[in-house]
Amino acid sequence: MFCHKKMKIEGYRLKQVQRLLYKDLIDNWDKATVLPLEMREELKESLPLKIDYKIFEDKNTKKAVINLKDNSKIETVLMEHDNKRATVCVSCQVGCPLGCLFCATGTSFKRNLEVDEILQQVLLFSRYYRKPTNIVFMGMGEPFLNYENVMQAIKILNDPNCFNIGARKISISTAGVIDGIKKFTNEDNQVNLSISLHAPNDELRRKLMPVSKGYTIKDLLEVVDDYILKTKRRVMFEYLLMKDVNDSIEHAKQLSQLMKRPLYMVNLIPYNSTGKFKRSLNTKEFKDYLEKQGIFTTQRYEFGHKIDAACGQLANRI
Ligand code: SAH
Ligand code: SF4
């Protein structure tokens, strides 16, 4: 249990405990010699610090598999871009109930993560490897189906007395949970929003992403437009390119018609194998087409294939 908010500690003692947890990054209360012995003993009971984890490494990527108290396993990934920037990809559920056809996480679902189980992932890398500068909620699970806990975790990530990671360095990716986007629009923070679109028409999107069965892309974009109107922030649309599924120039044409809106941008994602589809060979043509249409388009840099730590591959082997 790592979330200090669960404890009834206040005032200067709270500041001390926050410092010990998030700055000194202690992993054993015996090291907290600034606290009275009795309090340390209590904390050992109420706030155990040990994390049960295994690390898998591949060059600039580290994947941790964490074993939770009920024996559920979750995965989290540290991507080290350079000396200055390191991103942790955080999970928010054990599995995911949304069942997108291309995603390994979506094949099973157990439960939402607690706030401290979310924070534990960042704490682990901070303690034993490196303090991240950026956080993306793009690991296992759908953040907007665990809304309150994700928001609570973000507050602690953001808090100058805790992790002190700027809200602009934190991103949430949603598969398009409309109620969640609406709620998020009313949050008073600067956290970035990404939408997993992956198909440029309803028919195909409903096949690939069962979550989209109850609404249309038009409904989704209306909610995104409200978000942009209120926050004036850019929104990134993620588009996974799969061979002969959604990667033709006709698809690019349909996508460009949807994306010609202020503050929309597209991030093209190479498909990481989960068995069902093939990687597109058409990425360059697809990207060129979108760019010719004036759409701001980026391509996702790849991390962590060998250890199944890439997007969509989490939970492939556990
Ligand atoms: N549930 C949220 C966040 C977690 S998934 C969402 O779907 O947005 C994070 C990103 O990985 C999403 O954009 C998702 O679509 C993408 N992804 C899923 N499966 C993938 C795969 N096989 N290859 C590459 N990216 C994948
Ligand atoms: Fe869930 Fe996202 Fe995977 Fe879809 S892509 S199954 S929403 S984790």
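The values are calculated or read from the model by the stated rules, or taken from the named source; none is laboratory data. All of these numbers come straight from a predicted model, not from anything done at the bench. Quick reminder, even Gly has a Cβ in these numbers, built from the backbone with ideal geometry, and neighbours come from all protein chains shown. Surface accessibility is based on the protein's heavy atoms, side chains included, excluding ligands, DNA and RNA. Shrake-Rupley method; radii C 1.70, N 1.55, O 1.52, S 1.80 Å.
At a glance:
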item	result
Test: residue in region 154-169 that is within 13 Å of ligand 1 (Cβ to nearest atom), open to solvent by less than 10 Å² (accessible area, probe 1.4 Å), assigned to a loop (DSSP other than H, G, I, E, B) and not basic (K, R)	no
Every residue from region 218-235 that is in contact (Cβ under 8 Å) with a residue 24 or more places away in the chain and open to solvent by 50 Å² or more (accessible area, probe 1.4 Å)	D219, D226, K230, K232, R234
Residues satisfying the stated conditions in region 105-115, i.e. open to solvent by 10 Å² or more (accessible area, probe 1.4 Å) and not in a helix (DSSP H, G or I)	S108, F109, K110, R111, N112, E114
Residue that is nearest to ligand 2 (Cβ to nearest atom), among those in region 170-217 that are open to solvent by 10 Å² or more (accessible area, probe 1.4 Å) and within 30 Å of K15 (Cα to Cα)	S171
Sole residue being in a helix (DSSP H, G or I), modelled with pLDDT of 95 or more, open to solvent by less than 10 Å² (accessible area, probe 1.4 Å) and within 15 Å of ligand 2 (Cβ to nearest atom), chosen from I74, I118	I118
Condition check for K260: modelled with pLDDT of 95 or more, open to solvent by 50 Å² or more (accessible area, probe 1.4 Å), farther than 23 Å from S171 by Cα and basic (K, R)	no
Sole residue being within 16 Å of ligand 1 (Cβ to nearest atom) and touching a strand residue (DSSP E or B) at 6+ places or on another chain (Cβ under 7 Å), chosen from K110, K54, K73, K62	K110
Within region 77-115, considering residues that are over 21 Å from F303 (Cα atoms) and β-branched (V, I, T), the one farthest from ligand 2 (Cβ to nearest atom)	V115
Residues located in region 134-146, provided they are open to solvent by 40 Å² or more (accessible area, probe 1.4 Å) and in a loop (DSSP other than H, G, I, E, B)	M138
Matching residues in region 82-104 - criterion: being out of contact with any Pro (no Cβ under 7 Å at 6 or more places or on another chain) and part of a strand (DSSP E or B)	C89, Q93, V94, G95
Verdict on K276 being open to solvent by 90 Å² or more (accessible area, probe 1.4 Å) and either of a type in the set (S, T, N, Q) or modelled with pLDDT of 95 or more (or both)	no
Which listed residue is within 16 Å of ligand 1 (Cβ to nearest atom), assigned by TED's automatic domain parsing to the domain that holds S91 and at pLDDT 95 or above, from Y289, Y239	Y239
Of all residues making up region 173-194, the number that are touching an Asp or Glu at 6+ places or on another chain (Cβ under 7 Å) and touching a residue at least 40 places away in the same chain (Cβ under 8 Å)	5
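Residue-wise test of (1) without any contact (Cβ under 8 Å) to a residue 40 or more places away in the chain; (2) open to solvent by less than 30 Å² (accessible area, probe 1.4 Å).
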{"position": "A86", "(1), (2)": "no, yes"}
{"position": "C92", "(1), (2)": "no, yes"}
{"position": "L124", "(1), (2)": "no, yes"}
{"position": "K131", "(1), (2)": "no, no"}
{"position": "E148", "(1), (2)": "yes, no"}
